[in-house]
1. Between E270 and N35, how many nm apart are label points set 7 Å from Cα along the C-beta direction?
2. Determine how many Å³ per residue the convex hull of the Cα atoms of the chain encloses.
3. Students often forget the sequence filter, so: which lysines lie under 22 Å Cα-Cα from K246 once same-chain residues fewer than 8 apart are removed?
4. How do 115-122, 60-67 rank on mean C-beta neighbours within 10 Å, highest first?
5. Once fully extended, how much extra length lies between Q181 and F59, figured as 0.36 nm per residue of separation less the alpha-carbon to alpha-carbon distance?
6. Order of 127-134, 46-53 by packing, highest average Cβ count within 10 Å first?
7. Could you give the length gained by full extension between L139 and Q290, i.e. 0.36 nm per residue of separation minus their alpha carbon distance, to one decimal place?
8. Given the Cα atoms of the stretch 168-213, and with Rh set as the inverse mean 1/r over their pairs in the Kirkwood sense, what is Rg to Rh to two decimals?
Amino acid sequence: MAPTTLSDIQHPVAVPTTKSTSDDITTTTTTRAPNPPQVQVLGKTKTGMTLKIRSYPRFDSLEDERLYRKEHLAAAFRVFADRGFDEGVAGHISVRDPILTDHFWINPLSAHFSLIKVSDLILVDDAGTVVEGDEPINLPAFAIHSAIHRARPDVNAACHAHSVAGKAFSCFGRELEMLTQDALRFYKSHAVYREFRGVVVDAEEGRRIAAALGDGNKAVILQNHGLLTVGGSVDEAAFWFISLDKTCQAQLMADAAAAAGYRKIVIDEEEAAYSAAQVGGPEKGWLAFQPYFDEQVAKTKGEFLL
């Protein structure tokens, strides 16, 4: 994932046009770049030097990448804890191992999200055997995550938790409306699993959830259960979860206001399709998580990296 610089930015070409609305209001539109960049940035110094933004690092070895993935996985648990996404032993985040690619790292069964360190993480194979670590893992976690990692080779990480807004919205068994700019992160990239069969303890249920997620989607709403997000990096998957939960909360609030008589305005299809690329790309998802990672390093003085 190469760094994005100012040269990557495509500025819109202003071509004034006019159109009349039903209220005879004149509006000005512009012709925009057909492929908008995922990251919008300004960064040129007075001396003309172009400043590069952060991007997914390049590694000298797969061992280095393994450590990086584990460090960011541990950080994701801390971030989830800070946002109240923990609930007993429910909830799990996994990241694919870059060396043993049919294995993944995941949280131990009874460790609180806020206490998880790199050394606590468990490596399991595709049969559920613990390869590294000395704690058991959550059976539903394995049923769900193993099916997703198997079905989606493009996915390196998956997040599932029982967040309050996610649970509340999931009981409607419907997709999100494109009501806000942030909701566009999930424009035509999220699905709904409309079956609830209790605690996920068998491989077949995991396969059904993976099938509902489908190819290319970054999220699935599990009816009467909660949210699940995926990504090419654990950073990306974790940020999608944070954003999806907030988007569910915004949807619930908008629905409540609409019930009181206020009219919701849904973003039109053309604008949604264009703007989704600006707010919902993988590079944007990875970058958006970095402030949360930095916060954890500062708050814990790096204790979670041990």
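1. Here the answer is 2.2 nm between the modelled labels.
2. Numbers: hull volume 49.5 nm³, N = 306.
With only Cα atoms used, the chain gives 162 Å³ per residue.
3. Those lysines meeting the cut-off are K167, K188, K218, K264, K284.
4. Numbers: 115-122: 18.0, 60-67: 13.1.
My ranking of the peptides, most packed first, is 115-122, 60-67.
5. On the way: separation 122, 0.36 × 122 = 43.92 nm, distance 3.40 nm.
Stretched out fully, the Q181 to F59 stretch lengthens by 40.5 nm.
6. Result, highest mean first: 127-134, 46-53.
7. 51.3 nm
8. 1.05
Read the figures in this text as sums done on the coordinates, not as results from a lab. Being a predicted model, the structure only gives us computed values, none of them experimental. Quick reminder, even Gly has a Cβ in these numbers, built from the backbone with ideal geometry, and neighbours come from all protein chains shown.
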